[in-house]
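Engineer: Handing you this structure, nothing more for now.
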Amino acid sequence: MSKIIPKYHLSIITSFIWLGFICAISFMEAWLKFTAESVTLPIGVSIGKLVFSWLNRMEWIFTLVIFFNFFITSQNLNYLKVIFITILGCLVIQSIWLLPLLDKRADLIISGHEIKSSFHHFYYVGLDLIKAFSLLLLGIKFLKIQSHEN
């Protein structure tokens, strides 16, 4: 990679931007919108469905950026690969299992149906906590590696 852009800068930037997305959306916007006076449950759920759908798309873009920047340029940094695979595992579970399930529940709420409570939102938040911690750790580790290479 060019000497102007050291080899892990893209992974560092992407890790922290992704962390910011999770913190802003999952840990703040998701519940905060329901405190607005005019936001009903169906409207809030409809907004959430749209926002989390786009967050998921962005997370896959972030995943690809880190994958191509890190895995292709890295030497033998297996501990970083374990952190990345942890993040990827959380994202896969959310994308394949939880988001489709939560979308179905959202559609029922939007159409006016009563639904039983479930723990699926807690599972999603738990996975986001793991992703957020892992992204913070990944970004810090990349920063340390980058500072030792300079």
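Engineer: Considering each residue of region 106-131, count those that are assigned to a helix (DSSP H, G or I) and closer than 26 Å to W18 by Cα, and give that number.
Structural biologist: Here the count works out to 13.
Engineer: Looking at L101, L137, which is the one that is hydrophobic (A, V, I, L, M, F, W, C), more than 30 Å from H9 (Cβ to Cβ) and surrounded by 12 or more Cβ atoms within 10 Å (Cβ to Cβ)?
Structural biologist: Just one listed residue meets the conditions, L101.
Engineer: Can you tell which of I12, I17, I87, I66 is at pLDDT 95 or above, closer than 20 Å to L143 by Cα, touching a helix residue (DSSP H, G or I) at 6+ places or on another chain (Cβ under 6 Å) and of a type in the set (A, V, I, L, M)?
Structural biologist: Just one listed residue meets the conditions, I87.
Engineer: Can you pull out the residues in region 53-100 that are out of contact with any Ser or Thr (no Cβ under 8 Å at 6 or more places or on another chain), closer than 30 Å to E114 by Cβ and among the hydrophobic types (A, V, I, L, M, F, W, C)?
Structural biologist: Hits for region 53-100 are W54, I93, I96, W97, L98.
Engineer: Please verify whether region 109-118 includes one or more residues that are out of contact with any Phe, Trp or Tyr (no Cβ under 7 Å at 6 or more places or on another chain), touching a residue at least 12 places away in the same chain (Cβ under 8 Å) and under 21 Å from M58 (Cα atoms).
Structural biologist: Taking every residue of region 109-118 in turn, none turns out to be out of contact with any Phe, Trp or Tyr (no Cβ under 7 Å at 6 or more places or on another chain), touching a residue at least 12 places away in the same chain (Cβ under 8 Å) and under 21 Å from M58 (Cα atoms).
Engineer: Another one. Run L101 past the list (1) within 16 Å of F52 (Cα to Cα); (2) touching a residue at least 40 places away in the same chain (Cβ under 8 Å); (3) not basic (K, R) and report the number of the one that doesn't hold.
Structural biologist: Result: L101 passes all but (2).
Engineer: Right, something else. Tell me, please, whether a residue that is out of contact with any His (no Cβ under 6 Å at 6 or more places or on another chain), loosely packed, with under 12 Cβ neighbours inside 10 Å and not in a helix (DSSP H, G or I) can be found in region 76-88.
Structural biologist: yes
The values are calculated or read from the model by the stated rules, or taken from the named source; none is laboratory data. What you see is a predicted model, and the numbers here were worked out from it, not measured in a lab. When we count neighbours, we look across all protein chains shown, and the Cβ atoms used for this are built from the backbone with ideal geometry, even at glycine.
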